[in-house]
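Take a look at the structure set out below.
The values are calculated or read from the model by the stated rules, or taken from the named source; none is laboratory data. On a predicted model such as this, the values are computed, not experimentally measured, just so you know. In this analysis, Cβ positions are derived from the backbone assuming ideal geometry, glycine residues included, and neighbour counts consider all displayed protein chains. Keep in mind that these areas ignore ligands, DNA and RNA; they rest on the heavy atoms of the full protein, side chains included. Shrake-Rupley method; radii C 1.70, N 1.55, O 1.52, S 1.80 Å.
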Amino acid sequence: MNKQILSIRLNNELNTVFQHFFALDHVQLLACKDANEVINIMGKERFCLIVFNAHGLTSDQAQAAISRLRALTYIPFLVISEAEHAAAIMEVGADVCVPEQMDIHALFAQIKALIRRHTEYDRLDEFVPSASVFFRSDLMIDATRHRVTQAGAEIQLYPREFRLLNYMAHNPGIVLTPEQIREAVWLSESNPDRDVSPLISELRKALGDT
């Protein structure tokens, strides 16, 4: 499966250069115009990196956007920004902050290093599990990275499906009420009348549970 990178607020010229560069490594690029557009697709797609162009935004605007996105995903962030905003931007969740005028080859090297760290090195805890990784039968659930494997094969789950699986896996042998599930899975969006059955059905389908 090809890796995907999400770019936000990059101009068309730079997106075209990125697409050409990434294609050589079988990496796909999905371009978005702003952070609001990302919210709608974050739960539907999997990415190995986000490249966010904060140039032209105030420090407060950039921090607010990155904080909002960081709350949705654990994946690496590379942010293009003015040097005076770099420290504040990294404090709210950016992994690397680079200037807009950075040499394109140096920028690609930074991107490759982040992707390599995320897709290769960070998975070493599958062999030496950390506290965030636990097992249930043939499932490996990584709560930090929101990753699930079943018999070694990665399972693609939407965020709510992952929260449901994680919640149920931490409560084995307990009969959970719809109210408990709604509170754990929908968080602040909880609706006392929400039917949890469709979500449970979708999770079972994803896990091949009949």
- Item | Among Leu49, Leu30, Leu78, residue whose mean-square fluctuation peaks in a GNM of the chain (springs only between Cα atoms under 10 Å) | Leu30
- Globularity index of the stretch 16-61, i.e. its alpha-carbon radius of gyration over 2.2 N^0.38 Å: 1.33
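In debye, nearest 20, what is the charge dipole magnitude of the chain about its Cα centre with +1 on Lys and Arg Cβ and -1 on Asp and Glu Cβ, if you could check? Each step should come with its number before you reach the end.
On the way: 20 positive and 27 negative charges, 86 e Å.
Computed charge dipole of the chain: roughly 420 debye.
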- Query: Just Arg136, Arg68, Arg117 to compare: in a GNM of the chain, with alpha carbon springs under 10 Å, which one fluctuates most?
  - Reply: Arg136
- Accessible area (Å², 1.4 Å probe, nearest 10) - Lys3: 80
- Note on the structure: In Å, the C-alpha Rg and Dmax of the chain are 18.9, 57
- Item | Accessible area of Glu179 in the full protein assembly, 1.4 Å probe (Å², nearest 10) | 110
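Tell me the relative contact order for the chain as a rounded percent, counting alpha carbon contacts under 8 Å between residues six or more apart.
Numbers: 248 pairs, mean separation 26.6, N = 210.
Dividing the mean separation by the residue count of the chain yields 13 percent.
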